[in-house]
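J.: Dumping the structure here so I can ask a few things about it.
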Amino acid sequence: RKVINKKNIFLIFIMNIGLVTSESSLNRKKYNLRNFIFNLYKFIEKIIFRLFILFCILPKTHFYFESRYKVVNKINNSPVRKFINHFPSLQFLLNYKKIELINSNSFEYLKKKKYKVKNNILLFLDGNYNHKEILVREGPKIKRNSEEYISALRYYLSVFQKIFRKPVEIALHPSSDILLYKRKFPSFKITRGRTSEKIYNSSVVFFHESSSIKDAIILNKRIICFNTNLLGNYVSNLIDTYIKNLKVPYINIDKIENTKNIKKIISKGDSKIYKNNLKKYSYENLIPDGNNIPSDKVLKKIKEFISKENKKLI
């Protein structure tokens with residue numbers, strides 16, 4: 001970034017995932033010392049990084065393209081930004097010079113998709129319980145809980161396979177060990193890659209926390225969240241954040257539910273309230289910019305900017 005801190009180079013930041021981030025998942029009731037130290041380190045890193053930008057050691061970002069309406073609205077209408085915009089000499093204080101609202105990459109994929117929407121499988125979106133960040137935040141207890149977690153997950157996936165009478169497929173996180181999962185889940189198909197295509201082919205999508213869930217939301221798929229404390233406070237906080245924001249039905253896999261209760265939870269996801277909640281979330285975070293293709297809008301804005309810059313040089 002220091003190398004590209006030159007007058008004729010402009011940074012573009014594209015955040016078109018449209019989902020809640022880990023920064024918004026803080027729950028002080030589920031907050032241990034390891035997580036505190038990890039987040040404190042990240043906070044200090046962030047402050048230093050922003051100071052470097054403020055003093056022009058690192059370059060500012062010219063364009064910030066964002067698919068979450070509330071984020072764009074909050075930044076553009078912040079009192080500090082409004083004050084700075086009234087005084088051109090203070091523009092150097094802004095990290096993001098221009099913020100533009102765009103639709104998510106899931107919307108673009110939907111518009112340009114090559115796959116038909118089907119309902120052939122039950123899909124679990126893996127988040128990798130052995131992820132390095134989880135192990136750093138939570139320590140050895142994750143290793144101790146791993147067999148209990150795998151057993152609980154295996155049980156519930158088997159139950160849902162019987163209820164829906166459809167095969168279960170586990171879509172692995174890129175960092176997961178496929179050979180390990182094949183040993184731990186011998187009854188289910190284990191795959192990695194082309195997750196969006198698999199979501200298009202699913203009737204129900206299960207997850208803890210995963211950015212890929214946005215594809216299921218935009219397709220109006222039936223979604224069920226697997227809640228658990230076995231993966232530590234950090235993941236538990238993330239799961240709570242997803243449940244709170246998406247308002248999808250969830251099951252606590254740390255305890256055994258009978259089939260009758262599980263069917264009640266499933267039925268909640270079919271209600272108008274849950275469907276309307278997901279539609280609302282979709283329109284605010286995944287398709288807030290009408291019918292505009294995000295890549296087209298990004299290119300259009302960049303071309304307009306280049307044209308203005310060229311006119312200045314004439």
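The values are calculated or read from the model by the stated rules, or taken from the named source; none is laboratory data. Treat the numbers as computed from the prediction; the structure is a model and nothing was measured. Please note: Cβ atoms are built from the backbone with ideal geometry, for glycine as well, and neighbour counts cover all protein chains shown. When the accessible area is computed, the model is the full protein with side chains, heavy atoms only, and any ligands, DNA or RNA have been set aside. Shrake-Rupley method; radii C 1.70, N 1.55, O 1.52, S 1.80 Å.
J.: If the requirement is being surrounded by 13 or more Cβ atoms within 10 Å (Cβ to Cβ), modelled with pLDDT of 85 or more and over 30 Å from K141 (Cβ atoms), which of these qualifies: I48, I53, I14? Let's see the steps before the verdict.
T.: Values: I48 fails: surrounded by 13 or more Cβ atoms within 10 Å (Cβ to Cβ); I53 fails: modelled with pLDDT of 85 or more.
Only one candidate qualifies: I14.
J.: Separate question: Note down all Cβ pairs under 8 Å where the first residue falls in region 198-221 and is of a type in the set (D, E) and modelled with pLDDT under 90, the second is buried (at least 21 other Cβ atoms within 10 Å of the Cβ) and assigned to a helix (DSSP H, G or I), and they're at least six residues apart or on different chains.
T.: That search, which allows pairs on different chains as well, returns E209/V235; E209/L238; E209/I239; E209/Y242.
J.: A follow-up question, please. Among the residues that make up region 186-199, is at least one of them touching a strand residue (DSSP E or B) at 6+ places or on another chain (Cβ under 7 Å), assigned to a loop (DSSP other than H, G, I, E, B) and farther than 26 Å from T241 by Cβ?
T.: yes
J.: Also: Take region 236-263 and flag every residue that is outside any helix (DSSP H, G or I), out of contact with any strand residue (DSSP E or B) (no Cβ under 7 Å at 6 or more places or on another chain) and not basic (K, R).
T.: Of everything in region 236-263, those that are outside any helix (DSSP H, G or I), out of contact with any strand residue (DSSP E or B) (no Cβ under 7 Å at 6 or more places or on another chain) and not basic (K, R) turn out to be D254, I256, N258.
J.: Taking the options S187, S175, name whichever one is without any contact (Cβ under 8 Å) to a residue 60 or more places away in the chain, closer than 19 Å to I253 by Cβ and surrounded by fewer than 19 Cβ atoms within 10 Å (Cβ to Cβ).
T.: Working: S175 fails: closer than 19 Å to I253 by Cβ.
Residue meeting the stated conditions: S187.
J.: Can you run down the residue pairs with Cβ atoms below 8 Å, 6 or more apart or on separate chains, where the first is in region 234-245 and buried (at least 22 other Cβ atoms within 10 Å of the Cβ) and the partner is part of a helix (DSSP H, G or I) and at pLDDT 85 or above?
T.: Y242/I213
J.: Name the one entry in S78, S104 that is among the polar types (S, T, N, Q) and either farther than 17 Å from D289 by Cα or open to solvent by 60 Å² or more (accessible area, probe 1.4 Å) (or both).
T.: When all the criteria are applied, what remains is S78.
For every residue, the table says whether it meets (1) open to solvent by less than 100 Å² (accessible area, probe 1.4 Å); (2) touching a strand residue (DSSP E or B) at 6+ places or on another chain (Cβ under 8 Å); (3) assigned to a helix (DSSP H, G or I); (4) at pLDDT 90 or above.
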position: I265; (1), (2), (3), (4): yes, yes, yes, no
position: N276; (1), (2), (3), (4): yes, no, yes, no
position: Y283; (1), (2), (3), (4): no, no, yes, yes
position: D289; (1), (2), (3), (4): yes, yes, no, yes
position: D296; (1), (2), (3), (4): yes, no, yes, yes
position: E304; (1), (2), (3), (4): yes, no, yes, yes
position: K312; (1), (2), (3), (4): no, no, yes, no
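J.: Being at pLDDT 85 or above and open to solvent by 90 Å² or more (accessible area, probe 1.4 Å) is the filter here; which residues of region 87-97 pass it?
T.: Hit for region 87-97 is K97, nothing else.
J.: Identify the single condition in (1) in a helix (DSSP H, G or I); (2) in contact (Cβ under 8 Å) with a residue 24 or more places away in the chain; (3) among the polar types (S, T, N, Q); (4) open to solvent by 30 Å² or more (accessible area, probe 1.4 Å) that N229 does not satisfy, given that it satisfies every other one.
T.: (1)
J.: I'd like to know if region 126-145 contains one or more residues that are open to solvent by less than 40 Å² (accessible area, probe 1.4 Å), under 26 Å from N252 (Cβ atoms) and touching a strand residue (DSSP E or B) at 6+ places or on another chain (Cβ under 7 Å).
T.: Looking for residues that are open to solvent by less than 40 Å² (accessible area, probe 1.4 Å), under 26 Å from N252 (Cβ atoms) and touching a strand residue (DSSP E or B) at 6+ places or on another chain (Cβ under 7 Å), one finds at least one in region 126-145, hence yes.
J.: Look at region 97-154 and say how many of its residues are assigned to a helix (DSSP H, G or I) and either under 18 Å from I218 (Cα atoms) or of a type in the set (F, W, Y) (or both).
T.: 9
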